[in-house]
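What follows is a single structure, written as structure tokens, with notes after it.
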Amino acid sequence: MEEGHVYLDVRSVPEFESGHPKGAYNIPLMHAGKFGMSPNPKFMEEVEKAFPKDARIVVGCKSGGRSVSACGLMEMSGYKDLLEQRAGFDGNGAEPGWGQTALPQSTTAEPGRAYSDLKT
């Protein structure tokens, strides 16, 4: 990850807690529920509260699908310096994800970066 960027993990809380890039923030695009995934209606509100529009953000998810959607929403809201981690944390079959590399990982969030700290 380039100097000055933050990593925004848009996976659900259970996915984030099972392992994520060290230092990542977690704001789920979709919430895991009893009957599957459901959209987080406050996603953009929570992103805008956590990050200024000129923030340099790497957006990642499980394998690349949700991060593409999240980047689209963020771009429509005025975020311009976004990098989408296309292979996500688990990889996408064509390339390994963060979790299959020697890049730093964690199962605990740094203070102020867990969804429970960031949600509105």
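List the residues, sorted by chain then number, that are 5 or more residues from Gly97 or on another chain and whose placed amide H is less than 5 Å from its amide H.
So Gly97 has HN proximity to Gly91, Asn92.
Write down the percent of antiparallel bridges among all DSSP beta bridges whose residues are both part of the chain, to the nearest 5.
Working: 6 of 15 bridges.
Given both bridge residues lie in the chain, the antiparallel proportion sits at roughly 40 percent.
Over the chain, what is the mean sequence separation of C-alpha contacts under 8 Å (at least six apart), divided by residue count, expressed as relative contact order in percent?
On the way: 232 pairs, mean separation 37.6, N = 120.
Relative contact order comes out at 31 percent.
Translational diffusion coefficient, Stokes-Einstein: compute it for the chain using the Kirkwood radius over C-alpha pairs as Rh, at 25 °C and 0.890 mPa s, and state it as an integer in µm² s⁻¹.
Details: Rh = 14.1 Å.
The calculation lands on 174 µm²/s.
Would you kindly derive the ³J(HN,Hα) couplings of the stretch 88-105 from the backbone phi angles with the Karplus curve 6.51 cos²θ - 1.76 cosθ + 1.60 (θ = phi - 60°), listing them in order in whole Hz, with x for Gly and Pro?
Result, rounded to whole Hz: x, 8, 8, x, 10, x, 8, 8, x, x, 3, x, 9, 10, 8, 5, x, 10.
Take Arg86 and Thr107, extend 7 Å from each Cα along the Cα→Cβ direction, and tell me the distance between the two endpoints in nm.
Inter-label distance under the simple model: 3.2 nm.
Between Glu45 and Ala94, how high is the FRET efficiency from 1/(1 + (r/R0)^6) when r is the Cβ-Cβ distance and R₀ = 41 Å? Nearest 0.05. Working shown, then result.
Details: r = 34 Å, r/R0 = 0.82.
My answer for the efficiency is 0.75.
Rule-based calculations on the coordinates, nothing more; no lab input. Because the structure is a prediction, the values reported are computed rather than measured. Counting neighbours? That spans all protein chains shown, and the Cβs are built from the backbone with ideal geometry, glycine included.
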